[in-house]
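Each remark here refers to the structure printed beneath this line.
The values are calculated or read from the model by the stated rules, or taken from the named source; none is laboratory data. On a predicted model such as this, the values are computed, not experimentally measured, just so you know. Virtual Cβ from ideal backbone geometry, glycine too; neighbours counted across all protein chains shown.
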Amino acid sequence: MNEAVVFECFSYAYPKTEPVLNEIEFVVPRGSFTVITGPSGAGKSTICRAMAGIVPNYYGGRSAGRVLVDGEDTAGQRIADLTRFVGLVLDDYESQLVSLTVEEEILFGLYNRGLAPAEALPAMRKALNEVGLTGKEKLRLDELSGGQRQRLAIASVLAYKPDVLVLDEAASALDPEGAESLYRMLDELRRDYNLTVIVVEHELAYVLPYATQMLAVVDGRVAACGALDEAFSALWTKPELRALVPDLWQIKFTMEAYLNRKLGEWRTAAEAAAALQTVLTKGETEEYDQRRTG
Amino acid sequence: MINVEQVDFCYKRNQKALNQVSLTIAPGEFIALVGRNGSGKTTLSRVMMALLQPTAGRVLVDGESLKGKKPSDVAGTVGYVFQNPDLQILAETVAEEVAYGPAAKGVAPEEVKRRVHRALELTGLAELADAYPRTLSYGQKRRLAVAAALALKPRVLILDEITGGQDAIEKEAVLSVLKRLNEEQGVTIILITHDMSTVLRYAGRAIVMAQGSVAFDGAPQALFAGSHPLAEWGLSCPAVAAVAGALLPGEAAPADAAALCQVLIEKMRRNGSCN
Amino acid sequence: MQLTAFSKIVATMAVTLWAFLLPAPVLAGLLLLEVLMLFSAKPERSSALALASLLLFAGLMVGLQLLFSDDVVTAFLGGLRMMVMTTSFLCMFATTRIQDITQALVEKFRLPREYAFMLTAALRFIPDFLADSKATLDAQSCRGYSNSGNPIRRCLACLAVVKPLVLRAIVRSETLALSLELKGFGGQAHQTLVLQPLHVADYAFLLLLTLVTAGGAVLRFA
């Protein structure tokens with residue numbers, strides 16, 4: 001089984017509302033780093049919830065098609081069972097914390113899953129270590145900064161070792177430094193444990209170095225999907241969605257159109273600068289001018 | 001417009017959130033206030049709105065000290081838009097929401113109507129005047145909060161991280177409103193933000209806070225030009241400035257991707273024709 | 001050696017009993033002891049504030065009793081009893097973490113775990129709720145509203161603030177419910193928490209409590 005999550009023509013409407021997802025079709029391979037992006041209200045959060053079985057199992061509502069998690073249809077499965085495979089960190093990182101102190105927050109989920117203290121305590125320490133909160137076990141939640149609360153929410157999910165980690169706008173309250181280190185950490189976890197990482201993010205510059213594939217959702221439909229080149233190209237062809245393409249790739253597509261040739265998959269500004277530097281050298285330009293005049 | 005003179009602020013004993021901050025803000029500026037979380041940028045903005053009283057030093061708005069004043073006294077001159085739009089919606093319709101401020105200030109009903117109309121026009125919400133504010137999209141709520149602040153006709157607008165959690169399209173919608181206000185109405189904008197590409201694209205002046213002090217004060221292009229310890233301040237260099245810095249050393253960074261491409265294409269043309 | 005939360009809960013209940021068994025001079029001594037204990041455990045302004053508000057309340061009670069009956073001794077004894085009882089609760093909360101109290105309630109007093117959780121969750125959300133209400137009040141004052149003028153206008157202005165807060169609280173509680181679901185709360189798998197076994201000190205303390213209670217009962221009824 002090489003697919004962690006598969007959406008098979010999945011449509012969904014919350015009770016008494018219009019459909020929020022329409023025929024979503026997409027695959028998350030194991031060990032991938034998937035980025036979901038799109039305007040607010042487009043259905044990104046609902047997609048995340050569908051992966052944890054909250055939609056449709058918790059909310060009810062109408063659905064069509066299937067969501068397969070670890071090869072099995074989520075419909076009718078217990079959410080507590082599904083979360084052993086898919087760990088979901090909700091977008092409201094403050095309100096999803098339920099305990100009074102850091103260690104209780106993590107132990108809460110572990111005890112609920114039937115772990116004995118002898119297993120739960122090492123799992124807790126390991127999870128705190130992974131998110132860089134070691135030594136803060138006894139702190140009260142209101143003594144933590146926003147970024148630390150965010151990391152705690154992630155640790156409480158990591159502690160029961162899911163195969164897939166889904167984060168809904170995890171970086172929205174972080175400063176650039178915090179966001180960068182969060183995504184670096186997620187990528188390390190992905191490499192170390194073959195974890196499948198799925199994140200919802202608006203600021204694509206943060207995830208550009210790590211993403212293996214992208215899904216853009218607009219009005220509950222898939223607007224672009226696939227490897228970065230494929231997905232960004234699809235967005236670039238639609239003028240009203242161009243703004244969703246990160247700056248680096250806006251430069252790439254504009255220059256590609258001018259030069260009439262491909263410029264590679266840019267992940268960082270340094271890569272882009274290096275590629276453009278070679279283009280800027282005389283030889284290339286002459287060759288290009290000849291091609292244009294000739 | 002606003003003078004901050006050697007201001008200190010302490011939340012708890014011996015913990016200085018602001019340390020000897022001095023600034024002068026001129027009318028018509030577009031300022032980005034940046035720095036890592038906890039660096040003092042929000043505290044500084046709150047001191048300028050009289051939401052906090054400095055422990056030492058003073059703040060002058062239009063030459064008048066804010067000492068002993070309340071935010072409601074300052075509200076006619078300085079507007080403040082908070083981070084979470086949901087926590088600042090106080091009325092049942094969009095129009096009533098915008099009218100709340102001037103009505104609280106005792107402005108005549110006719111004038112309130114005029115101001116509501118104007119504020120909704122400026123923020124592109126005129127068609128939603130009768131809508132229930134909570135049914136708006138996140139981006140629209142943000143613009144509503146801006147409209148509500150505008151109804152008091154402030155000459156300075158302070159905005160605390162209002163682009164967070166928004167996609168590029170919504171972000172552009174709210175920032176272009178601010179840009180128009182700044183250019184056409186001369187409203188001074190102080191934007192607290194974590195988004196470095198916004199700083200480069202929109203701000204005329206960047207103020208970096210680090211550990212309660214001003215670490216940098218100058219043009220965004222100069223901030224991202226490469227000689228400043230951005231990582232030490234918890235900042236990152238926007239992609240456009242990083243690419244421009246590598247390819248066009250010594251030149252001021254263009255504001256956005258399109259402008260950078262234009263410069264690069266110009267340069268290629270010149271290189272090609274010169275040789 | 002530290003006493004467990006169980007012993008402290010029993011002690012608080014015993015003190016409640018003593019308040020009706022022991023004579024006034026002993027109660028006065030007990031109250032003094034409690035006050036000393038409170039301030040040695042938590043030498044903060046909040047302790048003084050809590051004690052002051054209890055005193056005010058007790059004073060009111062004494063005043064009312066004096067108004068409706070002329071027995072001065074009964075009135076003051078009533079006030080003293082109330083102080084002894086309530087201060088013992090202050091002492092318990094000052095020396096014990098709320099989590100340990102709820103755990104003891106679940107373990108030893110068979111309180112359903114869901115109820116115990118509600119108690120801590122409510123405490124957990126108090127700082128967030130206070131932050132929310134501060135944000136809304138700030139937003140209101142930045143919109144030109146000044147907290148002065150006639151009382152009716154002020155009440156209306158208050159209502160405007162309540163609504164966003166309630167809506168935000170509802171959103172928070174929805175997220176909380178979802179989060180509990182994700183964390184497997186209420187499932188059958190749950191293991192007993194790290195138990196709080198009673199130590200020698202606890203047994204000695206409980207024995208002492210029994211002796212004092214028995215002594216008090218003998219004094220009172222014999």
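Quick notes on this structure:
- Residue match in the stretch C:150-157 (condition: part of a loop (DSSP other than H, G, I, E, B) and more than 9 Å from every other protein chain (Cβ to nearest Cβ)): yes
- Any hit, the stretch C:198-215, residues being at pLDDT below 90 and not in a helix (DSSP H, G or I): yes
- Candidates C:PHE109, C:PHE185, filtered to the one that is over 19 Å from B:GLY101 (Cβ atoms) and within 14 Å of chain A (Cβ to nearest Cβ): C:PHE185
- Residue satisfying condition, being at pLDDT below 95 and either under 20 Å from A:ILE47 (Cβ atoms) or surrounded by 15 or more Cβ atoms within 10 Å (Cβ to Cβ) (or both), within set A:LEU215, A:LEU228, A:LEU235, A:LEU241: A:LEU241
- Inside the stretch A:123-149, residues that are more than 14 Å from every other protein chain (Cβ to nearest Cβ) and not hydrophobic (A, V, I, L, M, F, W, C) make up a count of 8.
- For the stretch A:17-32, a residue qualifies if it is surrounded by fewer than 22 Cβ atoms within 10 Å (Cβ to Cβ) and more than 14 Å from chain B (Cβ to nearest Cβ), and the qualifying residues are A:PRO19, A:ASN22, A:GLU23, A:GLU25, A:PHE26, A:VAL27, A:PRO29, A:ARG30, A:GLY31, A:SER32.
- When the stretch B:44-74 is filtered for residues that are within 16 Å of the chain's Cα centre (by Cα) and at pLDDT below 95, nothing remains.
- Odd one out for B:ALA173 among (1) crowded, with 20+ Cβ neighbours inside 10 Å; (2) among the hydrophobic types (A, V, I, L, M, F, W, C); (3) over 14 Å from the mean Cα position of the chain (by Cα); (4) under 30 Å from B:LYS113 (Cα atoms): (1)
- Residue within the stretch B:13-32 that is under 27 Å from A:GLN150 (Cβ atoms) and out of contact with any strand residue (DSSP E or B) (no Cβ under 6 Å at 6 or more places or on another chain) present: yes
- The lone criterion from (1) at pLDDT below 95; (2) more than 22 Å from the chain's Cα centre (by Cα); (3) more than 11 Å from chain C (Cβ to nearest Cβ) left unmet by A:GLU119 is number (3).
- Candidate set: the stretch B:146-181, residues that are in a loop (DSSP other than H, G, I, E, B), within 14 Å of chain A (Cβ to nearest Cβ) and in contact (Cβ under 8 Å) with a residue 60 or more places away in the chain; chosen: the one farthest from A:ARG242 (Cα to Cα): B:GLU161
- Between B:ALA56, B:ALA32, B:ALA26, the distinction of being in contact (Cβ under 8 Å) with a residue 40 or more places away in the chain, buried (at least 22 other Cβ atoms within 10 Å of the Cβ) and at negative phi belongs to B:ALA32 only.
- The residues of the stretch C:45-87 that are small (Gly, Ala, Ser) and farther than 19 Å from C:VAL26 by Cα, listed by number, are C:SER46, C:SER47, C:ALA48, C:ALA50, C:ALA52, C:SER53, C:GLY59, C:GLY63, C:SER69.
- Residue check, C:PHE117 more than 7 Å from chain A (Cβ to nearest Cβ), under 30 Å from C:LEU3 (Cα atoms) and surrounded by 17 or more Cβ atoms within 10 Å (Cβ to Cβ): yes
- Assessment of the stretch C:132-150 against the conditions (surrounded by fewer than 18 Cβ atoms within 10 Å (Cβ to Cβ) and among the β-branched types (Val, Ile, Thr)) yields no matching residue.
- Restricted to the stretch B:19-109, the set of helices (runs of 4 or more DSSP H) holding at least 1 residues that are more than 14 Å from C:TYR145 (Cβ to Cβ) and in the same structural domain as B:ARG155 (by TED's automatic domain parsing) comprises B:41-48, B:94-104.
- Within the stretch A:69-85, considering residues that are touching a residue at least 40 places away in the same chain (Cβ under 8 Å), farther than 30 Å from A:LEU144 by Cβ and surrounded by fewer than 19 Cβ atoms within 10 Å (Cβ to Cβ), the one nearest to the chain's Cα centre (by Cα): A:ASP70
- Qualifying residue in the stretch A:144-162 (condition: without any contact (Cβ under 8 Å) to a residue 24 or more places away in the chain and either within 27 Å of A:GLU94 (Cβ to Cβ) or not hydrophobic (A, V, I, L, M, F, W, C) (or both)): yes
- Hey, B:VAL208 assigned to a helix (DSSP H, G or I) and β-branched (Val, Ile, Thr) or not: no
- C:THR120 out of contact with any strand residue (DSSP E or B) (no Cβ under 7 Å at 6 or more places or on another chain), among the polar types (S, T, N, Q) and not assigned by TED's automatic domain parsing to the domain that holds C:VAL26: yes
- You will find that of B:ARG118, B:ARG114, B:ARG143, the residue that is assigned by TED's automatic domain parsing to the domain that holds B:ILE169, more than 25 Å from B:ALA168 (Cα to Cα) and either buried (at least 16 other Cβ atoms within 10 Å of the Cβ) or touching a residue at least 60 places away in the same chain (Cβ under 8 Å) (or both) is B:ARG118 and no other.
- Any hit, the stretch B:214-226, residues being within 12 Å of chain A (Cβ to nearest Cβ), buried (at least 21 other Cβ atoms within 10 Å of the Cβ), touching a residue at least 40 places away in the same chain (Cβ under 8 Å) and within 18 Å of A:GLU177 (Cβ to Cβ): no
- Within the stretch B:190-209, the residues that satisfy the criterion of being within 12 Å of chain A (Cβ to nearest Cβ) and touching a Pro at 6+ places or on another chain (Cβ under 9 Å) are B:HIS194, B:ASP195, B:MET196, B:SER197, B:THR198, B:VAL199, B:LEU200, B:ARG201.
- Test: residue in the stretch C:199-214 that is within 14 Å of chain A (Cβ to nearest Cβ) and in contact (Cβ under 8 Å) with a residue 60 or more places away in the chain: no
- Looking across the stretch A:86-103, the residues that are within 7 Å of another protein chain (Cβ to nearest Cβ) and touching a residue at least 24 places away in the same chain (Cβ under 8 Å) come down to A:LEU88, A:LEU90, A:GLU94, A:GLN96, A:SER99, A:LEU100.
- Being hydrophobic (A, V, I, L, M, F, W, C), over 18 Å from the mean Cα position of the chain (by Cα), within 8 Å of another protein chain (Cβ to nearest Cβ) and in a loop (DSSP other than H, G, I, E, B) is a property that does not hold for A:LEU174.
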